[in-house]
There are 2 protein chains.
Amino acid sequence: MSSTTEGLTWDRIQEARTRIKGKVHRTPVMTSETLDSLAGAHLYFKCENLQKVGAFKARGATNAVFALSDAEASKGVATHSSGNHAAALARAAKLRGITAHIVMPTNAPKAKQASVSRYGGRIIFCEPTQEARESTVARVIAETGATLVHPYNDLNVMAGQGTTAVELLEDYPDLDMILCPVGGGGQLSGIAVAAKTLKPTIRVIGVEPAGADDASRSFRSGHIVPMLNPKTIADGLRTSLGDKTFAEIRRHVDDIVTVPEEAIISSMRKIWEVLKIIVEPSGAVPYAAVAAEKLPVKGQKIGIVLSGGNLDLDSYPWISAS
Amino acid sequence: MSSTTEGLTWDRIQEARTRIKGKVHRTPVMTSETLDSLAGAHLYFKCENLQKVGAFKARGATNAVFALSDAEASKGVATHSSGNHAAALARAAKLRGITAHIVMPTNAPKAKQASVSRYGGRIIFCEPTQEARESTVARVIAETGATLVHPYNDLNVMAGQGTTAVELLEDYPDLDMILCPVGGGGQLSGIAVAAKTLKPTIRVIGVEPAGADDASRSFRSGHIVPMLNPKTIADGLRTSLGDKTFAEIRRHVDDIVTVPEEAIISSMRKIWEVLKIIVEPSGAVPYAAVAAEKLPVKGQKIGIVLSGGNLDLDSYPWISAS
């Protein structure tokens, strides 16, 4: 068991790399003359939207599940999530042949329930409050002995997410900067540790919606500022930082910038139109920092993490009628 | 100059391969456990929606432009098209540093005009009738000495499109079948010649909308049946076959099947949702033949050509309100 004072090590990320190999995709990197020309920079889009389950969450969940001893694994895993982590954990558990207990609020979208069920996850519904979620998970764990796999505040989850940067820097070792979304901070912290180990001169920047700017405020104040009332279309980035993720972010991340909603929506559309790939609002946030000129990028080589591609195709933020 | 009796040769496709290398993408092939499981087959999606200009048309246009002698090239190229071929020809001409004269109807969508202009193409507007298009192109050619590059009924264009199958069979030599959309037949004829040369036992099947079933009727009757009043969302497949494309299709294609509009729309959405990539209606037509069970596929390895990804993101066929 890891204590809160233990940090994320490079060794743990390397172990994650080996452990998840063949169980998740090595995702492609896309480039575009059109987007480069608009930015006046060289952009390298790491396509985690094309990852298993449609999001980077497959990496961390798979690493956490396969890091368990056989004795631990036999009792299953548990989490509370109605998002990509839930599907990722259900899939990883299925790969290992164990049970994933997923606590979800009763108002979770049908599509999210369906993706957990498709992977054979056991869904336990609870009232849509943070207290109900936590008490329900605690009860499930007490009853089953399952191991909690937190969506982000877990060193093995963070290590798994960090493998994204290892692949990106293998493909493009001369990057000047990596832009990564920040919600709970699992991906940003993993990427920061990996990237700074491999290339100490690289800049790692977190990007978050202005309407959910807790990470930016936490980074500036030096203590975790919880996100109480997030207002953003980027549903994956509404969470607050955890103590483990914040510790790495303070140590390794160069800055956290915020972007307005209009930039998130127009950036999402631009990626769909030009790269011809589906990115969810949260996944468009780092490119929005470039498009909205929130940081200097001219002439630089910039890795941009497209973190996921899961969203409801029945409506689009740029179609007001729906 | 090629006569109508000359056919598309394997040599011409090999020359095209060499000529366009580095000027267009070698596109990726995507697979999906989810879609395989739904089909009961192994599906290999050749992503021409991720091609330069967002469509396979980049291959043929680039081959045709770079096949010109310097003397021919100096006078430019011309075509009538309001679709992907127009943008592809403009881009290829820009790469060679020559002028592309693009005749477009006055009612062509602004987005199509913009994509031609972005590549520096010279747009000449005409009335939105077939007669006006042809007479305007003839006038432009008379005035400039430009070479006509027909959107599909041109051996160099067909040869360029055929390179798609060469790449696909290099990556997956044990395919049992290739499914390809058919409009004017440039892509289907090129792919059929290439695939049957490389692997005579492979089956090559054309797929078209039931509302634009001229290729199927031509194939069955043995003579070109023109498409007079096409009714389909698949705007790239509303054209009639040409004599050069039809000759190769009769010789090398095993069958042409049709799919209903509902299957095209639901297949397009399925590809967006599962593969996380944008495919235009025409590009979803071959997968629709699998989804709608229009041919036996169980247990087989099937190459599916996703021909393009250009469409207006302001509306979606599955959102009735817009």
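The values are calculated or read from the model by the stated rules, or taken from the named source; none is laboratory data. Bear in mind the structure is a predicted one, so any value in this text is a computation, not a measurement. Please note: Cβ atoms are built from the backbone with ideal geometry, for glycine as well, and neighbour counts cover all protein chains shown. Heads up: the accessible areas ignore ligands, DNA and RNA and are worked out on the full protein's heavy atoms, side chains in. Shrake-Rupley method; radii C 1.70, N 1.55, O 1.52, S 1.80 Å.
Scanning region B:39-55 for residues that are within 13 Å of another protein chain (Cβ to nearest Cβ), over 18 Å from A:Phe45 (Cβ atoms) and open to solvent by 10 Å² or more (accessible area, probe 1.4 Å) gives a single hit, B:Val53. A search for C-beta distances below 7 Å between a residue of region A:280-303 that is basic (Lys, Arg) and any residue that is open to solvent by 40 Å² or more (accessible area, probe 1.4 Å), counting only pairs 6+ apart in sequence or on different chains, returns A:Lys301/A:His42; A:Lys301/A:Tyr172; A:Lys301/A:Asp174; A:Lys301/A:Asp176.
Can you say whether A:Ile277 is in contact (Cβ under 8 Å) with a residue 60 or more places away in the chain and away from chain B (no Cβ under 14 Å), as far as the supplied structure shows? For A:Ile277, the condition - in contact (Cβ under 8 Å) with a residue 60 or more places away in the chain and away from chain B (no Cβ under 14 Å) - is not met. Take the residues of region B:258-280 that are part of a helix (DSSP H, G or I) and of a type in the set (A, V, I, L, M): which is farthest from A:Asn49 (Cα to Cα)? Checking each candidate, the answer is B:Ala263. Looking only at region B:227-249, which residues are without any contact (Cβ under 8 Å) to a residue 60 or more places away in the chain, open to solvent by 50 Å² or more (accessible area, probe 1.4 Å) and under 18 Å from the mean Cα position of the chain (by Cα)? Correct list: B:Arg238 only.
Across region B:1-33, which residue is most open to solvent (accessible area, probe 1.4 Å) among those that are farther than 20 Å from B:Ile249 by Cβ and assigned to a helix (DSSP H, G or I)? Result: B:Glu33. Checking the stated criteria, A:Tyr287 turns out to be out of contact with any Pro (no Cβ under 8 Å at 6 or more places or on another chain), among the hydroxyl-bearing types (Ser, Thr, Tyr) and at pLDDT 95 or above.
Taking the conditions exactly as written (closer than 24 Å to B:Val166 by Cα and either modelled with pLDDT under 95 or among the aliphatic types (A, V, I, L, M) (or both)), does B:Leu38 satisfy them or not? No, not satisfied. The condition of being within 30 Å of B:His42 (Cβ to Cβ), at pLDDT 95 or above, open to solvent by less than 30 Å² (accessible area, probe 1.4 Å) and not acidic (Asp, Glu) holds for only one of B:Ala159, B:Ala88, that being B:Ala159. The set of residues in region B:102-116 being touching a residue at least 12 places away in the same chain (Cβ under 8 Å) and open to solvent by less than 80 Å² (accessible area, probe 1.4 Å) consists of B:Ile102, B:Val103, B:Met104, B:Pro105, B:Thr106, B:Ala108, B:Pro109, B:Ala111, B:Lys112, B:Ser115, B:Val116. So, in region A:283-322, of the ones that are of a type in the set (S, T, N, Q) and open to solvent by 40 Å² or more (accessible area, probe 1.4 Å), which residue ends up farthest from the other protein chains (Cβ to nearest Cβ)? Across region A:283-322, the extreme among qualifying residues is A:Gln300. Just one of the numbered conditions (1) open to solvent by 50 Å² or more (accessible area, probe 1.4 Å); (2) without any contact (Cβ under 8 Å) to a residue 12 or more places away in the chain is not true of A:Asp36: (1). The condition of being touching a residue at least 60 places away in the same chain (Cβ under 8 Å) and open to solvent by less than 40 Å² (accessible area, probe 1.4 Å) holds for only one of B:Ile256, B:Ile264, that being B:Ile256. Note on region A:189-226: among residues that are under 19 Å from A:Leu8 (Cβ atoms) and touching a residue at least 60 places away in the same chain (Cβ under 8 Å), the one that is surrounded by the fewest Cβ atoms within 10 Å (Cβ to Cβ) is A:Thr197.
If the condition is being part of a helix (DSSP H, G or I) and either of a type in the set (Asp, Glu) or open to solvent by less than 30 Å² (accessible area, probe 1.4 Å) (or both), then region A:56-83 contributes A:Ala58, A:Arg59, A:Gly60, A:Ala61, A:Thr62, A:Asn63, A:Ala64, A:Val65, A:Asp70, A:Glu72, A:Ala73.
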